[in-house]
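These notes are about the structure you will find just below.
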Amino acid sequence: MKRLYLVRHGETLFNTQGKIQGWSDSPLTERGIKQAQAVRDYFGSEGIRFDHAYSSTSERASDTLELITGMPYARLKGLKEVNYGFFEGEREMLKPKEPQEIVKFFVPFGGENTNDVAERMRKTLTDVMEKNDHTNVLAVSHSGACYNFLKLWQDPAEELAKGFPNGSIFVYGYKEKVFRLEEVVRPVL
């Protein structure tokens with residue numbers, strides 16, 4: 001069975017300020033750098049090696065990936081965070097609290113339907129995993145994108161209740177175009 005390690009990027013300045021990032025970007029904080037290094041150390045301690053690596057085109061994701069591994073990687077637009085439209089850079093408290101309320105909320109404001117994000121992630125990651133030489137793959141993405149991808153494969157409520165802190169690792173088994181969540185590794189920092 002093939003395996004995908006989908007990682008949420010390290011903490012950023014906007015995360016500490018409670019701001020919506022989406023397609024906007026902000027740099028990793030010192031804590032975010034340490035989270036990425038903790039992910040690297042986890043993979044090393046578990047003897048996990050990757051044959052290919054990918055990141056979102058956002059700098060916070062590619063910076064995280066570069067701290068995790070020095071291997072060459074590709075940046076893919078399909079791994080980007082949800083586009084929040086006019087809400088980009090605004091306070092997190094303006095977002096609806098319940099995931100089902102968010103699905104179409106941002107569309108009238110120039111943002112994305114989160115079901116479209118889930119489909120974008122599914123297509124991108126399926127295309128990646130269908131390549132012959134892709135057995136153990138690392139991909140770095142974002143909280144909303146990872147959540148919306150997860151909800152395609154299972155009810156995300158139990159995992160959402162545990163939280164998806166920066167540096168979380170979603171470990172998926174992959175076979176016949178189906179992803180199955182095996183575990184979520186959450187950093188301890």
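The values are calculated or read from the model by the stated rules, or taken from the named source; none is laboratory data. Note that the structure is predicted; figures quoted are calculated from it, not measured. Here the Cβ positions follow ideal geometry from the backbone for every residue, glycine too, while neighbour counts run over all protein chains shown. Quick note on the areas: whole protein, heavy atoms, side chains included, nothing else; ligands and nucleic acids left out. Shrake-Rupley method; radii C 1.70, N 1.55, O 1.52, S 1.80 Å.
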Can you tell me which residue in the stretch 142-189 is farthest from Leu79 (Cα to Cα), limited to those that are of a type in the set (S, T, N, Q) and out of contact with any Lys or Arg (no Cβ under 7 Å at 6 or more places or on another chain)?
Gln154
Any residue in the stretch 111-124 that's in a helix (DSSP H, G or I): show its pairings with residues that are at pLDDT 95 or above and open to solvent by 50 Å² or more (accessible area, probe 1.4 Å) at Cβ separation under 6 Å, as long as the two are six or more apart or on different chains.
Ala118/Leu152; Arg122/Leu152
Note on the stretch 100-125: residues within 15 Å of the chain's Cα centre (by Cα) and open to solvent by less than 70 Å² (accessible area, probe 1.4 Å) are Thr114, Val117, Ala118, Arg120, Met121, Thr124, Leu125
